[in-house]
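Below: one structure, written as structure tokens.
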Amino acid sequence: MKAFQQGYFVAGVDGQESRWRYSELWQESAEFFQKPAKLRFIADGASASRGGTIGKIIEQPQDLRFLGYMKLKGDAEEQIRRKKFRVRMDVDDTVSRADIRVTQKSGELTKIYVTMPWFPPDLVLSRNYTLTIDAGLTKGALVPESAILEKNGSRGLYLVRGARVIFTPVEGIMIENNKFLVTNGVSVGDAIVENAAEAREGRIQLW
């Protein structure tokens, strides 16, 4: 098989391939986007007739566009005025920027249409996606990413208490410039070990 364009190939269809037009989707309610179209995979070993469907290809490169609804919280309105959202793939991801194409008030919600800054391959399996928008500042202690370590299934850092170094579990999120914002576990002003990979618990000699 030879594709006419490079891109992501998936051996399946969901029946919405010829109906997914943004001019029509813009008119839909929030409830419509909570009903995902189910992808029907082509079975392994299935026979394909001449001209028959064996799947679909999502051409690359191309911009991934997102259309959905959100509640305006934090500084979301200011971001809309600037035509850019701060977005993340998940709560642990660093911040990226998504260009805002159109927004419109819809009752208590706001309808948004944005250009995504990334196109992960797994998104070809579903037309539904939850976009994480960073809508404000979270209070906490800012530490270098290198101070954070996964240990025994917990994320934490090494904290200096008197003449001892102890591993302390923490909660928080990754932010820009290789920093981690600790929202629970330490306080601003606490002494920490900057390079957790080379640290260990025990007594230390302070000079």
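The values are calculated or read from the model by the stated rules, or taken from the named source; none is laboratory data. What you see is a predicted model, and the numbers here were worked out from it, not measured in a lab. Cβ atoms come from the backbone with ideal geometry, glycine included; neighbour counts cover every protein chain shown. The accessibility values were calculated without ligands, DNA or RNA, using every heavy atom of the protein model including side chains. Shrake-Rupley method; radii C 1.70, N 1.55, O 1.52, S 1.80 Å.
Taking the alpha-carbon centroid of each part, what is the distance from segment 82-115 to segment 151-169 in angstrom?
36 Å
Of (i) 17.0, 50; (ii) 23.3, 79; (iii) 29.8, 81, which is the value of Rg and Dmax of the Cα atoms in Å derived from the coordinates here?
(ii)
Please report, in debye to the nearest 20, how large the charge dipole of the chain is about its Cα centre when each Lys and Arg carries +1 at its beta carbon and each Asp and Glu carries -1 there.
Numbers: 30 positive and 26 negative charges, 79 e Å.
It comes to approximately 380 debye.
Over segment 65-133, what percent of the accessible surface lies on carbon and sulfur atoms, probe 1.4 Å? Walk me through the numbers before you get to the answer.
Details: 1850 of 3910 Å².
That share works out to 47 percent.
Enumerate the aspartates and glutamates that LYS73 could reach by cross-link, defined here as Cα to Cα under 12 Å, with residues fewer than 8 away along the same chain left out.
The reachable aspartates and glutamates, counting only those whose Cα sits under 12 Å from LYS73, are GLU108, ASP134.
Skip the ligands, DNA and RNA, and give the accessible area per residue of the chain with a 1.4 Å probe, whole Å².
Values: 13840 Å² over 207 residues.
Accessible area per residue: 67 Å².
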